[in-house]
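What follows is a short report on a single structure.
The values are calculated or read from the model by the stated rules, or taken from the named source; none is laboratory data. Quick caveat, the model's predicted, so the values are computed rather than measured. Cβ sites come from the backbone with ideal geometry, for glycine too, and all protein chains shown count toward neighbours.
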Amino acid sequence: MEFEINAVGREKSGSNYARKFRREGFIPGVVYGHGERSRPILVPVKDLNRLLRHLKHDVVLVKLNVDSTWKRRCILKSVQVDPLTDQPSHVDFQILKKEPITIKVPVVLKGEAVGVKSGGILDHHLRELTIKVLPDRIPEHIEVDISQLGLGEALHIEDLPDRGFEYLDPPDAPVVSIIIPKKLEVVEVAPVAEEVVEEKEPKEEKEEKEETKS
């Protein structure tokens, strides 16, 4: 997925100017990378909010146009948020070139695990994976098939198929697992039948009964 954002170059900086920019509907930011000088910019709030909504689910490439003359393909590298308003206060864009970059990509689970059908609980450990990948091969998300995952089983980074990029998280890190609930761990024990022991008569009493019969 690729978004186009028409930004404006800026020369002034500082908290007073930043507040003024936000009142006018812009968020201050900077675009940098690969030997090019950092370029201060202003990004329309509506465009940034639209971009952030999609970033919750997928990686989004950005076609950034500055003053309609300077154009670059980028990714949104970071967003600073105002702790009082919980709104974006500054954004950083990284320019993409034909060399690998490090990026976090969302994980999307596919299918229903057999372990869940058997009463297990799905535990999604990693919702994003860090990968090293060429810009033209950046996936929107990483799909993980969990349909064959049974009770007490887990899928780790090292279990994922090769998709043409490098996983940077620890190979033994679990991505998803199926927890066995305690109620399934309890094994019912069948009641043990009581053994009936026949009480033997004392030898003397037994002999007396036999004499009486005779």
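Looking at (1) surrounded by 15 or more Cβ atoms within 10 Å (Cβ to Cβ); (2) more than 20 Å from the chain's Cα centre (by Cα); (3) not hydrophobic (A, V, I, L, M, F, W, C), which is the only condition Asp82 fails?
(1)
Just wondering, is there one or more residues in the stretch 105-118 that are out of contact with any Pro (no Cβ under 7 Å at 6 or more places or on another chain), within 30 Å of His34 (Cα to Cα) and modelled with pLDDT of 90 or more?
Looking through the stretch 105-118, at least one residue is out of contact with any Pro (no Cβ under 7 Å at 6 or more places or on another chain), within 30 Å of His34 (Cα to Cα) and modelled with pLDDT of 90 or more.
Please identify the pairs in which a residue from the stretch 138-164 that is in contact (Cβ under 8 Å) with a residue 12 or more places away in the chain and under 19 Å from Ile178 (Cα atoms) has its Cβ atom under 8 Å from the Cβ atom of a residue that is part of a loop (DSSP other than H, G, I, E, B) and among the charged types (D, E, K, R), counting only partners at least 6 apart or on another chain.
Ile146/Glu112; Ser147/Glu112; His156/Asp172; Ile157/Asp169; Ile157/Asp172; Glu158/Asp172
Within the stretch 37-54, track down each residue that is crowded, with 16+ Cβ neighbours inside 10 Å and closer than 17 Å to Pro106 by Cα.
Leu51
When you scan the stretch 137-214 for strands (runs of 3 or more DSSP E) that lie fully inside it, which ones turn up with 3 or more residues that are under 18 Å from the mean Cα position of the chain (by Cα), of a type outside the set (Phe, Trp, Tyr) and modelled with pLDDT under 95?
By residue number, no strands (runs of 3 or more DSSP E) qualify.
Could you list, in sequence order, all residues of the stretch 1-45 that are of a type in the set (Lys, Arg) and modelled with pLDDT under 90?
Hits for the stretch 1-45 are Arg10, Lys12, Arg19, Lys20, Arg22, Arg23, Arg37.
Quick check on the stretch 140-158. Is at least one of its residues within 21 Å of Val30 (Cα to Cα), surrounded by 14 or more Cβ atoms within 10 Å (Cβ to Cβ) and of a type in the set (Val, Ile, Thr)?
No: zero hits.
Among the residues of the stretch 101-135, how many are more than 18 Å from Ala154 (Cα to Cα), touching a Lys or Arg at 6+ places or on another chain (Cβ under 9 Å) and touching a residue at least 40 places away in the same chain (Cβ under 8 Å)?
Residues that pass the stated criteria total 4.
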